[in-house]
Amino acid sequence: MKPAAAKSSPAPVSLGRIAEHLGRPLNGSPDTLITAIAPLDAARSGQISFLASAAYRTHLPGTRASAVILTEADVQKCPCASLVSPAPYHDYARTTELFAPSRRAVAGIHPAAHVHPDAEIDPGAEVGPGAVIEAGVHLGPGVVVGPNCNLMQAVAIGADTVLHPGVTIYRDCRIGAGGIIHAGTVIGADGFGFAITGQGRHLKIEQLAAVVLGDFVEVGAGCTLDRGALQDTVIGDGVKLDSRVHIGHGTRIGPHTLIAGGATLAGSIEVGERCRIGGLASIVPGIQIAPGVEIAPTTMVTGDITEADAERAGRCFAGGATGHTDRATWRRNAAAFRSLAATLRRLRSLAED
Amino acid sequence: MKPAAAKSSPAPVSLGRIAEHLGRPLNGSPDTLITAIAPLDAARSGQISFLASAAYRTHLPGTRASAVILTEADVQKCPCASLVSPAPYHDYARTTELFAPSRRAVAGIHPAAHVHPDAEIDPGAEVGPGAVIEAGVHLGPGVVVGPNCNLMQAVAIGADTVLHPGVTIYRDCRIGAGGIIHAGTVIGADGFGFAITGQGRHLKIEQLAAVVLGDFVEVGAGCTLDRGALQDTVIGDGVKLDSRVHIGHGTRIGPHTLIAGGATLAGSIEVGERCRIGGLASIVPGIQIAPGVEIAPTTMVTGDITEADAERAGRCFAGGATGHTDRATWRRNAAAFRSLAATLRRLRSLAED
Amino acid sequence: MKPAAAKSSPAPVSLGRIAEHLGRPLNGSPDTLITAIAPLDAARSGQISFLASAAYRTHLPGTRASAVILTEADVQKCPCASLVSPAPYHDYARTTELFAPSRRAVAGIHPAAHVHPDAEIDPGAEVGPGAVIEAGVHLGPGVVVGPNCNLMQAVAIGADTVLHPGVTIYRDCRIGAGGIIHAGTVIGADGFGFAITGQGRHLKIEQLAAVVLGDFVEVGAGCTLDRGALQDTVIGDGVKLDSRVHIGHGTRIGPHTLIAGGATLAGSIEVGERCRIGGLASIVPGIQIAPGVEIAPTTMVTGDITEADAERAGRCFAGGATGHTDRATWRRNAAAFRSLAATLRRLRSLAED
């Protein structure tokens, strides 16, 4: 039997408060209390849902939700209160803000934190137990350093950035404002650089540059962002990394790019802004990728993708280990592969006729 | 020169004790002391071995082991004491239990642990130095929380579960009884969810649900199990995850499923019970996989695998990035690929004749 | 706005000191002070650069560097001081040593470390705050144990090895001298071993062996090196692992082998010395790989690579999930794949003519 969890439940929120937060008109009583958000088909009384995809429309008439966020077109079929929005998914995202526990700093340094006297900690920052903060570290107002985090010499963290427990940031790395770094992530470990010496041995190239993250960056759990050898590894403003993403040394990720779980980017890469890189995708060293490009999951990118390539390809590339092509070509090739042996056998017998 | 390690050696165990533990008949002296388990060809005097695979049978007559676990059929060729078992590999596994150091809790909270007064810690639980335990956490009897672990608000851990050092569990997540979570694993970090706003920017969707692990779950080192957005991420009873596995938000893994190292499962997936998923395999969002299905290493699953598919395919799927097929088809296609260019050239010249 | 970082800048180094460190002749003033190393095209006054690849030669005449490391052949075109070397890249690597912060131990145990009285800590070792050191641990002279590391029973660490923050090493594992282990890495968690019991359930095989690292091994951040079941997992002298590499139980890696980010090696593998394994490559259990073999990124190795194979293939293998072939064959096949559907269509119409 499972232990009964004393769940850290959020307080209920009135429909009026939600409507006000979203700035959307409400059909229904502003006093109705909402305790949670749920999908249309799972929602119960006291919960709010949203209709953002045609696939879910069949669930609307039968929903037991107390309110639904939906477009004007669906209002008539809604059996309960509704919030009318031109962008229900976006407004669902904004509604989640009202039900999430606060990430606000509770100002103060825990007595069991280890803070060097030469660190500059804003009085509004929060430092958890077991956290280690070395000389020259700068924490802005509202920064949260979770328990057992390690911030080495001269690390700088911008206002309101939250480090979850057990994050390590090596010396000299700089994190912007408004960011979220999840547990166990390591920023600024040495990039993988060696010179070959005699007899197949390797001489370490000291990694002298750092890692710089812009503002509003979110980094998932268990990521590794390596420091540059001579030039900083740079993560642009608004970049979002899923869990277990690896960024090699000296690589630069443009603003607002999204990278999914397990993707592995080698060193000296330049990824443009607003790209989307799928799970377990990989990019070999030195590649340049134009802005707005989408790389499908598990694709290995072994050549540059220029703006011209991106336009030609409809901006989406796929390809597994054989290298990227545009997505339509990839899909035809992958389908051909799935019956490759049989097709070749048939062709051989045709040809030999 | 390597430092000489003061190895934490286990105490020797008598053959009689092993026979009793396994409940198997012993040919030989029950007083013989066994100090370790070793493969047939590497075993020395004082060690026990096992014969569980025909490939190792040639090593039996020459083994220097003091005892061997084997089937009735092999007893005659055994040059030493033997334990006769219908399932030697299973009984080898059970024998390892006698040589492993205890995972039993040494009851008590280390004075250098940071435990919130509103946490409920069973008096039989063990909490290591540097561990941080927030308000509302519930630890059952026999739970071990290793050094420098971080258990956030309202986390609940069932009886006898062991957390190795440096594990982080985010608020509200629940772990069943009898589990093992290896070092550096992060349970309950935010799933990767964003709504697009203007100019290619992204709005965070707060991840309001949690992660729930059943009983007797083992999670390897460096895994990331992300919390759900609206519905919990669920890991069924008896599931075993290797090191560095990623489970996306809202994904549900059925009981007794095994997932190997580096496998990366996106969000909103349902994997049936007793599946086996190979190393570095990946599954894209929203996929459903029937019970008992085996996915080969590095396969990317991009479509549902129904019970009917599984029956047709002999329950085993493979496919790299091109998508899964049944294993036999995959093997023929992969073999065809390994000479693809040459085959196409030959076919072209045949066709053009 | 980013916080201004109080960067932990290294002291400037004179050209004379660099020439002496490298043992190379200097054309220019030995008193010139150098503050950093930079690429030829980015270097500014007061910085040193190097010319190690023909592709960069065009940047030499216009460089603003104060000195360049280059071969005899390029001295005439150098607009500034030069250091003449037969191996500029190697000498660049050696120059980085002069600009890197020291990894030398600052002898002593931090009062907030938790050290068992039965641990043997050399008086020249450094132990950081929050580090946990259990009974029987042996630390050699010059060892650095970073903050919040966890060294379980009887772990032994050779002279001058540096553990960055948050490293966990399970009981009985042994690390050689002169090594570097980056943050968040876990050495010695249980290998993934289970015996099947009734009804598709799994019985844990206790992992009774350990992990042994040789001398001068570097392990990146977030790696997982699992302990062996009956035989140790062994990492040879001089091996370098990138971030997020996984090594399964009982696998043996030969000396001076390099493994890139995200590579996932299963158990019971033997990799020869001086191999190079690319990012996200994978090797299935039990494989043997000859010395000096190169495995391309994302290749899955599913069969042994013998010395004879390696010679035939020019020692380099590639292949994605379809299994490895020699690199030239792979490249032709991958290229053929990228137009596979179109080629097959054309062949079909030719054949049916």
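The values are calculated or read from the model by the stated rules, or taken from the named source; none is laboratory data. Bear in mind that the values here come from a model prediction, so they are computed numbers and not experimental data. As a convention, Cβ positions derive from the backbone with ideal geometry for all residues, glycine included, and neighbour counts pool all protein chains shown. In case anyone asks, the SASA skips ligands and DNA or RNA and just uses the protein heavy atoms, side chains included. Shrake-Rupley method; radii C 1.70, N 1.55, O 1.52, S 1.80 Å.
What to note about this one:
- Reported count of residues in segment A:205-223, each being open to solvent by 10 Å² or more (accessible area, probe 1.4 Å) and over 21 Å from A:HIS256 (Cα atoms), is 2.
- Residues within segment C:214-259 that are more than 12 Å from chain A (Cβ to nearest Cβ) and β-branched (Val, Ile, Thr), tallied: 6
- Annotation note: of C:ALA310, C:ALA321, the sole residue that is in contact with a helix residue (DSSP H, G or I) (Cβ under 9 Å, 6 or more places away or on another chain) and either open to solvent by less than 50 Å² (accessible area, probe 1.4 Å) or not charged (D, E, K, R) (or both) is C:ALA321.
- Criterion: away from chain C (no Cβ under 14 Å), under 27 Å from C:HIS202 (Cβ atoms), in contact with a Cys (Cβ under 7 Å, 6 or more places away or on another chain) and not small (Gly, Ala, Ser) - qualifying residue of B:LEU83, B:LEU70: B:LEU70
- Taking segment C:240-353 and the helices (runs of 4 or more DSSP H) fully enclosed by it, the elements with 3 or more residues that are in contact with a Phe, Trp or Tyr (Cβ under 9 Å, 6 or more places away or on another chain) are at C:327-337.
- Residues being open to solvent by less than 20 Å² (accessible area, probe 1.4 Å), closer than 23 Å to C:PHE192 by Cα and free of Cβ contacts under 8 Å to residues at least 60 places away in the same chain - total across segment B:172-190: 8
- Evaluation of A:VAL239 against the conditions (1) aliphatic (A, V, I, L, M); (2) open to solvent by 10 Å² or more (accessible area, probe 1.4 Å); (3) over 22 Å from B:MET300 (Cβ atoms); (4) touching a Ser or Thr at 6+ places or on another chain (Cβ under 8 Å) shows that the sole unmet condition is (2).
- Within segment B:71-100, the set of residues being assigned to a strand (DSSP E or B) and either charged (D, E, K, R) or touching a strand residue (DSSP E or B) at 6+ places or on another chain (Cβ under 6 Å) (or both) comprises B:ALA81, B:SER82, B:LEU83.
- Residues that are at pLDDT 95 or above, surrounded by fewer than 14 Cβ atoms within 10 Å (Cβ to Cβ) and more than 27 Å from B:PHE194 (Cβ to Cβ) are absent from segment A:6-26 altogether.
- Scanning segment A:283-299 for residues that are open to solvent by 10 Å² or more (accessible area, probe 1.4 Å), facing another protein chain (nearest Cβ under 9 Å) and within 20 Å of C:ARG338 (Cβ to Cβ) yields A:VAL284, A:ALA296, A:PRO297, A:THR298.
- A:THR302 in contact with a Lys or Arg (Cβ under 9 Å, 6 or more places away or on another chain), under 20 Å from C:ALA334 (Cβ atoms) and open to solvent by 10 Å² or more (accessible area, probe 1.4 Å): no
- Condition check for B:GLN199 on (1) assigned to a loop (DSSP other than H, G, I, E, B); (2) open to solvent by 10 Å² or more (accessible area, probe 1.4 Å); (3) of a type outside the set (Asp, Glu): one failure, at (1).
- Leading residue by the ranking (most open to solvent (accessible area, probe 1.4 Å)) among those in segment C:129-155 that are over 19 Å from C:ARG171 (Cβ atoms) and within 24 Å of the chain's Cα centre (by Cα): C:PRO141
- Residue among A:VAL143, A:VAL137 that is closer than 24 Å to C:GLY220 by Cα and either touching a strand residue (DSSP E or B) at 6+ places or on another chain (Cβ under 9 Å) or at the interface with chain C (Cβ under 7 Å from one of its Cβ atoms) (or both): A:VAL137
- Filter pass, B:ARG103 being within 12 Å of another protein chain (Cβ to nearest Cβ) and either touching a strand residue (DSSP E or B) at 6+ places or on another chain (Cβ under 6 Å) or closer than 29 Å to B:ALA125 by Cα (or both): yes
- Residue within segment C:40-53 that is part of a loop (DSSP other than H, G, I, E, B) and over 22 Å from A:ALA209 (Cα atoms) present: no
- Residues (of a type outside the set (Val, Ile, Thr), at negative phi and out of contact with any Ser or Thr (no Cβ under 7 Å at 6 or more places or on another chain)) located in segment C:205-235: C:GLN207, C:ALA209, C:ALA210, C:LEU213, C:GLY214, C:ASP215, C:GLU218, C:GLY228, C:ALA229, C:LEU230, C:GLN231, C:ASP232
- Flag if A:SER29 is away from every other protein chain (no Cβ under 14 Å) and assigned to a strand (DSSP E or B): no
- Inter-residue pairs, beta-carbon under 6 Å, first more than 13 Å from chain B (Cβ to nearest Cβ) and open to solvent by 20 Å² or more (accessible area, probe 1.4 Å) and in segment A:156-171, second assigned to a loop (DSSP other than H, G, I, E, B) and hydroxyl-bearing (Ser, Thr, Tyr), 6+ apart: A:ARG171/C:SER8
- For the residues B:ASP118, B:ASP74, the requirement of being modelled with pLDDT of 95 or more, more than 31 Å from the chain's Cα centre (by Cα) and open to solvent by 70 Å² or more (accessible area, probe 1.4 Å) singles out B:ASP118.
- Residue in segment C:208-231 that is part of a strand (DSSP E or B) and without any contact (Cβ under 8 Å) to a residue 24 or more places away in the chain present: no
- Close pairs from segment B:323-352: first facing chain C (nearest Cβ under 7 Å), partner of a type in the set (Phe, Trp, Tyr) and part of a helix (DSSP H, G or I), Cβ under 8 Å, at least 6 apart: B:PHE337/A:PHE337; B:PHE337/C:PHE337; B:LEU340/C:PHE337
- For C:ALA54, the criteria (1) open to solvent by 70 Å² or more (accessible area, probe 1.4 Å); (2) free of Cβ contacts under 8 Å to residues at least 12 places away in the same chain; (3) within 12 Å of chain A (Cβ to nearest Cβ) hold in every case but one, which is (3).
- Filter result (among the aliphatic types (A, V, I, L, M) and under 24 Å from A:ALA209 (Cα atoms)) within segment A:144-156: A:VAL145, A:LEU151, A:MET152, A:ALA154, A:VAL155, A:ALA156
- Checking each residue in segment A:242-262 for being buried (at least 24 other Cβ atoms within 10 Å of the Cβ), closer than 19 Å to B:HIS249 by Cβ and not small (Gly, Ala, Ser) picks out A:ASP242, A:ARG244, A:VAL245, A:ILE259.
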